[in-house]
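The values are calculated or read from the model by the stated rules, or taken from the named source; none is laboratory data. Quick caveat: nothing in here was measured; it's all calculated off a predicted structure. Cβ placement follows ideal geometry from the backbone for every residue including glycine, while neighbour counts extend to all protein chains displayed. Side chains are part of the model used for accessible areas, which takes the heavy atoms of the whole protein and leaves out ligands, DNA and RNA. Shrake-Rupley method; radii C 1.70, N 1.55, O 1.52, S 1.80 Å.
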Amino acid sequence: MQTNENPEAVTIIGLGPMGQAMAQVFLDNRHPTTVWNRTAAKADALVAQGAIRAETVQQALAASRLVILSLTDYQAMYQLLSPATGALSGRLLVNLSSDTPQEARKATQWAARYGAQFLSGGVMVPPPLIGKPGAFVFYSGSRAILEAHQSTLSRIGKADFRGEDPGLAQLYYQALLDIMFTSAASVLHAIALIRSAGIPAVTFGPYVQDFLAFLPELFQDVAEEVDKGQYKGAFNNMNMMAAGMSHVAQASRDANINTSLPQAIKQLYDETIRMGYGQDGLTSLIEILKKP
Ligand code: NDP
């Protein structure tokens, strides 16, 4: 447990850019910080600043009750910890790696079998923003366990507790990444379309910025409309949108660039219309998207 004079000891397993950034903020805040990484050299700069290098995963687990995992996925956790389950008893594993809600639920049970507590988390900022204002992390699992370690974990970013179901942090995390990954693909596809006419991306850049800034207004009522099942189409209905979407797809075809993204969206629009939502608004897409 942490007090101002006696910061809580922390172990970090996994020193990609994210694990390194987290170890750095713990060191900056004088937490005894033990680090371990498969590629040992990634710990060197942290050790030079006072981090303790664990030579083995067992040593890393023994060094602190609070063990933070920052790995590519949960599979990496099993690969690392399965040979070291004898050292798990009494530990609190806080897995801040990306994976699915189901994996987080399974991992909570897996840890319990070896006497370890488990919290799942999703870090919502890139490494340079760790520990900075605006940084936040979704957590789920036991609220009591999170609260007991919240002051330490808040070094990474504000702790946003989503619920006792261990899967909820990953659910929120993956839902936001769903937006990020598909948005990135759409922005880059639009840039490919512009560049197909010999126009540099930087000429288009300001339009991208302005358009993205306008999106919050466009999406203002989305959540409410979906919850009510009322998809207002007075100003822009699905029939018009689907025609517009086919123009994006055809323009892409004419430009001889990849059309898989606009075609996929067009298909979703067409299915929504086939279900009878042609006169409804864009939010009626949920009727297709909520199904398998
Ligand atoms: P990286 O993929 O760069 O680093 C992953 C870490 O996992 C490395 O330390 C790597 O070890 C280790 N690792 C992967 N597989 C294994 C394995 N089988 N056995 C042992 N170690 C393994 O990821 P990041 O540091 O960028 O991110 C860590 C987590 O945080 C990810 O789940 C990511 O989705 C999430 N995240 C990342 C963000 C970002 O912007 N970077 C933002 C928000 C969340 P080695 O060094 O030896 O390869």
Reciprocal mean inverse distance between Cα atoms of the range 128-261 - Kirkwood radius, Å: 18.7
Over the range 3-147: Rg over Rh, Cα atoms, Kirkwood Rh: 0.93
Extent along principal axes [Cα atoms of the range 164-227; Å; largest to smallest]: 52, 24, 15
Estimated FRET transfer efficiency (Val202, Ser89; beta-carbon r; R0 45 Å; 0.05): 0.20
Accessible carbon and sulfur surface of the range 206-292 relative to its total accessible area, %, 1.4 Å: 57
Qualifying lysines (Cα of each under 28 Å from Cα of Lys291; at least 8 residues distant if same chain): Lys106, Lys228, Lys232, Lys266
DSSP beta bridge pairing in the chain, given as percent antiparallel to the nearest 5: 20
Using alpha carbons only: equivalent-ellipsoid semi-axes of the range 62-163, gyration tensor based, whole Å: 22, 14, 13
Within-13-Å neighbourhood charge of Ala242 [Cβ basis; K, R +1; D, E -1]: -1
Given charges at beta-carbon only (K, R positive; D, E negative), |dipole| of the range 229-291 in Debye: 100
Per residue solvent-accessible surface (Å²) - the range 121-205, probe of 1.4 Å: 50
Computed P(r) (all Cα pairs; the range 98-147; 10 Å bins; percent): 24, 44, 28, 5
DSSP H segments from the chain that extend 20 Å or more along their own axis, Cα-based, with Kyte-Doolittle mean of 0.5 or above: 168-195, 201-218
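Percent relative contact order of the chain, based on C-alpha pairs within less than 8 angstrom and at least six residues apart?
12
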For the range 44-157, share of DSSP beta bridges that run antiparallel, in % to the nearest 5: 40
Loop GluC sites (Glu not before Pro), the range 1-83, which have at most 12 other Cβ atoms in a 10 Å radius of their Cβ (DSSP): Glu5, Glu55
Label point distance in nm, Asp270-Ala175, each placed 7 Å from Cα along Cα→Cβ: 3.1
Contour minus Cα-Cα distance for Gln279 and Asn258 (0.36 nm per residue): 4.6 nm
Rh (Kirkwood; distinct C-alpha pairs) - the range 228-292, Å: 12.1
Residue range of the chain that is longest and free of chymotrypsin sites (Phe, Trp or Tyr not before Pro) which are both DSSP loop and sparsely packed (at most 16 other C-beta within 10 Å): 1-218
Computed log₁₀ I(q)/I(0) - Debye formula, equal Cα scatterers, no solvent, the chain, q 0.12 Å⁻¹: -0.88
